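Since the structure comes first, as structure tokens, the remarks are kept for the end.
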Amino acid sequence: MTAPAHARRHTGDGAAAGLPPPVALPRRILKHPRLMHHNRLVALVWAANLAALWYGLADGDGIAAGTAAHAALGNLTLAVLIRQQYVINALFRLATRAPVHWPLRLRQALGKVYHFGGLHVGGATAGTAWFLALLPLLVTGGAPGDVLAVSAALAVLLTVMVVTALPGLRARRHDLFERVHRFGGWSVLLLFWVQTVLVIGDRGGSPAAAPEIWLLALVSVSVALPWLRLRRVPVTVDRPSPHVALARFDYGVTPFAGSSTAISRRPLLEWHSFANVPAPGRTGFRLTISRAGDWTGSFIDERPGHVWVKGITTAGVANIETLFARVVYVATGSGIGPCLPHLLARRVPARLVWATRTPHLTYGPDLVDEITAVQPDALIWDTTERGKPDLVSLAYRAYRDFGAEAVICISNKKTTWQVVHGLERRGIPAYGAIWDS
């Protein structure tokens, strides 16, 4: 089944729209993916740590074991807290408070708020490096055997967590990465408590007066909060096609548009986050789940009646839309899920470009009709009939014709990078997930 006429009439060949020339070389260099804001934040954290190291070495006495321990704990605290759901939502609220009459260049930079994961990576890697440097200081400083044993175990666990988080290994063995970070992270926190209590006892200090105790308490509360909200909830699963499931929830929570919810069928082993799709004026929400692996495949095939949820709904990339007067959404396949709540909420004038295979057959006529009802001028590109589109050209044409200030792309990693980088190198503000978590 093809797209309705009112959507089809806007589906001309996007390649016919000439793209603007790339910006000057210095700006293009800054827009290279390797210099994205996420990586700049990693570099910033490391620069701060190297400056602290240089300052500590400047007097010629070297770094004390206590200083290295505090630096390690401080960095690891940053790594944990910046991933806390309340902190993430606060960062988005703060960044998106800028009014649309502010200079576009400033709003464009604020839109990169979702790159905050660079602080997590920087803090985790720098904290691990400080802890590895701490071990020989403890040995040469004559630390007690129990402190050395706990510290060695911590060093091993931290190293394993960093290694399994390397992008290549994480992509190939994501289940391993997730379990190592969950159980390894809990073990690291427990061992930090043991080490801290042992060190404080060895030096004869008061635990209440030790800053390490308060940092560990803060980290422990941050880690525990999502699990304190763990609950098993009913779900109704519609399957318009073997490729997609529409999961409907109504258990007393109506999340805000642009948020995501983590669900699981085995809460200690694996969690998967999906964009919430609340309907204006109705309670509850939906999740659009596409077949993209063993977990999603079994969910679609088995259609469970209950799943586990934890934590709070968390802001996603597309929440930055309010920074701009007009935006273009570019989605492929089930990427329509994260776009749909924003289109339904109509907080910002938007234009949709959606490339997907047989949309009516894959997602069901009701969902497609819901989309075209709020986006009568949507460009819906049926890839089964028309082949793979040039999404950079389609996005640029929509951006130009609609008078938009930014493009938000929700797709797979390869396509997102192509669209975002393809537009940014031409001076067009563009945003999309960076797969840093």
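The values are calculated or read from the model by the stated rules, or taken from the named source; none is laboratory data. The shown structure was predicted, so the numbers you read here are calculated from the model rather than taken from an experiment. Here Cβ is always computed from backbone atoms with ideal geometry, including for glycine, and neighbour counts include all displayed protein chains.
Given the conditions (1) basic (Lys, Arg); (2) under 21 Å from the mean Cα position of the chain (by Cα); (3) assigned by TED's automatic domain parsing to the domain that holds TRP381, and given that ARG286 satisfies all but one, which numbered condition is not satisfied?
(3)
Yes or no, residue by residue, for (1) among the aliphatic types (A, V, I, L, M); (2) surrounded by 14 or more Cβ atoms within 10 Å (Cβ to Cβ); (3) on the phi < 0 side of the Ramachandran plot:
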residue: GLY62; (1), (2), (3): no, no, no
residue: THR67; (1), (2), (3): no, yes, yes
residue: ASN89; (1), (2), (3): no, yes, yes
residue: PRO103; (1), (2), (3): no, no, yes
residue: ARG107; (1), (2), (3): no, yes, yes
residue: LYS112; (1), (2), (3): no, yes, yes
residue: HIS120; (1), (2), (3): no, yes, yes
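When the stretch 378-437 is examined, which residues are found to be closer than 11 Å to VAL353 by Cβ and either outside the structural domain of GLY337 (by TED's automatic domain parsing) or basic (Lys, Arg) (or both)?
The one that is closer than 11 Å to VAL353 by Cβ and either outside the structural domain of GLY337 (by TED's automatic domain parsing) or basic (Lys, Arg) (or both): ARG397.
In contact with a Leu (Cβ under 9 Å, 6 or more places away or on another chain) and surrounded by fewer than 24 Cβ atoms within 10 Å (Cβ to Cβ): which single residue out of LYS310, LYS388 fits that description?
Just one listed residue meets the conditions, LYS310.
Can you tell me which condition PHE183 does not meet? The list is (1) in contact with a helix residue (DSSP H, G or I) (Cβ under 9 Å, 6 or more places away or on another chain); (2) over 25 Å from LEU44 (Cα atoms); (3) aromatic (Phe, Trp, Tyr), and all the others hold.
Against the list (1) in contact with a helix residue (DSSP H, G or I) (Cβ under 9 Å, 6 or more places away or on another chain); (2) over 25 Å from LEU44 (Cα atoms); (3) aromatic (Phe, Trp, Tyr), PHE183 comes up short only on (1).
Which residue pairs have Cβ atoms under 8 Å apart, sit 6 or more places apart or on different chains, and have a first residue in the stretch 137-152 that is of a type in the set (S, T, N, Q) and a second that is assigned to a helix (DSSP H, G or I)?
Listed pairs, sorted by first residue: SER151/PHE131; SER151/LEU134; SER151/LEU135; SER151/LEU138; SER151/GLN195.
Right, THR125: in the same structural domain as PHE192 (by TED's automatic domain parsing), modelled with pLDDT under 95 and polar (S, T, N, Q) or not?
No; evaluated as a whole, the condition is false for this residue.
Looking at GLY403, GLY427, which one is within 23 Å of GLY18 (Cβ to Cβ), small (Gly, Ala, Ser) and modelled with pLDDT of 95 or more?
Being within 23 Å of GLY18 (Cβ to Cβ), small (Gly, Ala, Ser) and modelled with pLDDT of 95 or more holds for just one of GLY403, GLY427, which is GLY403.
Return only the number of the condition from (1) modelled with pLDDT under 95; (2) part of a helix (DSSP H, G or I) that GLY60 does not satisfy.
(2)
How about the stretch 93-136: which of its residues are in contact (Cβ under 8 Å) with a residue 60 or more places away in the chain and part of a loop (DSSP other than H, G, I, E, B)?
Matches in the stretch 93-136: THR96, ALA98, VAL100.
Against the condition surrounded by fewer than 15 Cβ atoms within 10 Å (Cβ to Cβ) and under 19 Å from the mean Cα position of the chain (by Cα), how does ARG173 come out, does it pass?
Against the criterion (surrounded by fewer than 15 Cβ atoms within 10 Å (Cβ to Cβ) and under 19 Å from the mean Cα position of the chain (by Cα)), ARG173 qualifies.
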